[in-house]
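A.B. asks: Encoded as structure tokens, here's the structure I'll be asking about.
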Amino acid sequence: MEEFSHFSHRHSLKISDIVDEEDQVICSGCEHDLSGGSAYTCTKNNCNFILHDSCFELPRQIKHKSHPKHTLSLRFFPPYNDGEFTCDACGNSGHAFTFHCEKCKFDLHVECASLPEIEEREDHQHPLTLCYSNLFLGKGDEVDVMCYVCKRGVGKSCWFYCCLACKCGAHLDCVANQEIVVSEI
């Protein structure tokens, strides 16, 4: 059995096949379900550490368009006393991996850091562009953006997808309309 090491875990890891079970198997990196396929699991019997292949292969540092002044470092736990971070993209909390800027206290879930810049949806005629602020109308002021999919407001501090032609927006989750999967960064 080949063993692997990962900076986020003190024990050796092995590649294992994940069988769909009634019990949810949660990735220790992104905190999303693992459903079938292979993953990196801890070699210790009493340790439940497990990583998606894509979480295992995440780079230790990235440059991201949403935070161009500083490099973001992959942290395997939140760097805050309460053990939790709030993602500056989606506004949701996290307890595991974060791409973090120490200087600005800026954090991104690993899946938010890998969101595509452009999304296509069958229910809209134009491509949707990832927007990091709600200044997309170009008037210099924040505007209230309503999600054209669910008809609820998009938070002023949250990222969203927008149609530059129609001046409309959509929540990240509404555009995905499915569970977010970590992709290559």
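The values are calculated or read from the model by the stated rules, or taken from the named source; none is laboratory data. Note that this is a predicted model, so its numbers are computed, not measured. For neighbour counting, all protein chains shown are included, and Cβ atoms are generated from backbone atoms with ideal geometry for every residue, glycine included. Accessible surface areas use protein heavy atoms only, side chains included; no ligands, DNA or RNA. Shrake-Rupley method; radii C 1.70, N 1.55, O 1.52, S 1.80 Å.
A.B. asks: Does PHE49 satisfy the condition of being surrounded by 13 or more Cβ atoms within 10 Å (Cβ to Cβ), under 22 Å from PRO78 (Cβ atoms) and out of contact with any Leu (no Cβ under 6 Å at 6 or more places or on another chain)? Show your work before the answer.
C.D. replies: Details: surrounded by 13 or more Cβ atoms within 10 Å (Cβ to Cβ): yes; under 22 Å from PRO78 (Cβ atoms): yes; out of contact with any Leu (no Cβ under 6 Å at 6 or more places or on another chain): yes.
Considered against the rule, which asks whether it is surrounded by 13 or more Cβ atoms within 10 Å (Cβ to Cβ), under 22 Å from PRO78 (Cβ atoms) and out of contact with any Leu (no Cβ under 6 Å at 6 or more places or on another chain), PHE49 comes out as yes.
A.B. asks: Could you identify the single residue in SER54, SER35, SER28, SER12 that is in a loop (DSSP other than H, G, I, E, B), surrounded by 15 or more Cβ atoms within 10 Å (Cβ to Cβ) and among the polar types (S, T, N, Q)? Walk me through how you get there before you give the answer.
C.D. replies: On the way: SER54 fails: in a loop (DSSP other than H, G, I, E, B); SER35 fails: surrounded by 15 or more Cβ atoms within 10 Å (Cβ to Cβ); SER12 fails: in a loop (DSSP other than H, G, I, E, B).
Exactly one residue qualifies, and that residue is SER28.
A.B. asks: I'd like the residue in region 146-166 that is over 21 Å from LYS65 (Cα atoms) and either hydrophobic (A, V, I, L, M, F, W, C) or at pLDDT below 80 (or both) and, out of all such residues, is most open to solvent (accessible area, probe 1.4 Å). I'd like the intermediate steps shown before the answer.
C.D. replies: Of the residues in region 146-166, the ones over 21 Å from LYS65 (Cα atoms) are 146-153, 165-166.
Still in the running and either hydrophobic (A, V, I, L, M, F, W, C) or at pLDDT below 80 (or both): 146-147, 149-150, 165-166.
Values: MET146: 110, CYS147: 2, VAL149: 54, CYS150: 44, ALA165: 74, CYS166: 59 Å².
Selected residue: MET146.
A.B. asks: Kindly state which strands (runs of 3 or more DSSP E) lie completely within region 64-139 and contain at least 2 residues that are under 19 Å from GLY29 (Cα atoms) and charged (D, E, K, R).
C.D. replies: Working: elements: 67-75, 98-101, 106-108, 128-131.
Result: empty, no element qualifies.
A.B. asks: Enumerate the pairs (first residue in region 22-35 and of a type in the set (Gly, Ala, Ser); second residue anywhere and surrounded by fewer than 19 Cβ atoms within 10 Å (Cβ to Cβ) and modelled with pLDDT of 90 or more) with beta-carbon separation below 6 Å, excluding pairs fewer than 6 apart on the same chain, so at least 6 apart or on different chains.
C.D. replies: SER28/PHE49
A.B. asks: Separate question: Take region 52-93 and flag every residue that is touching a residue at least 40 places away in the same chain (Cβ under 8 Å) and among the small types (Gly, Ala, Ser).
C.D. replies: Within region 52-93, SER54, SER66, ALA89, GLY91 qualify.
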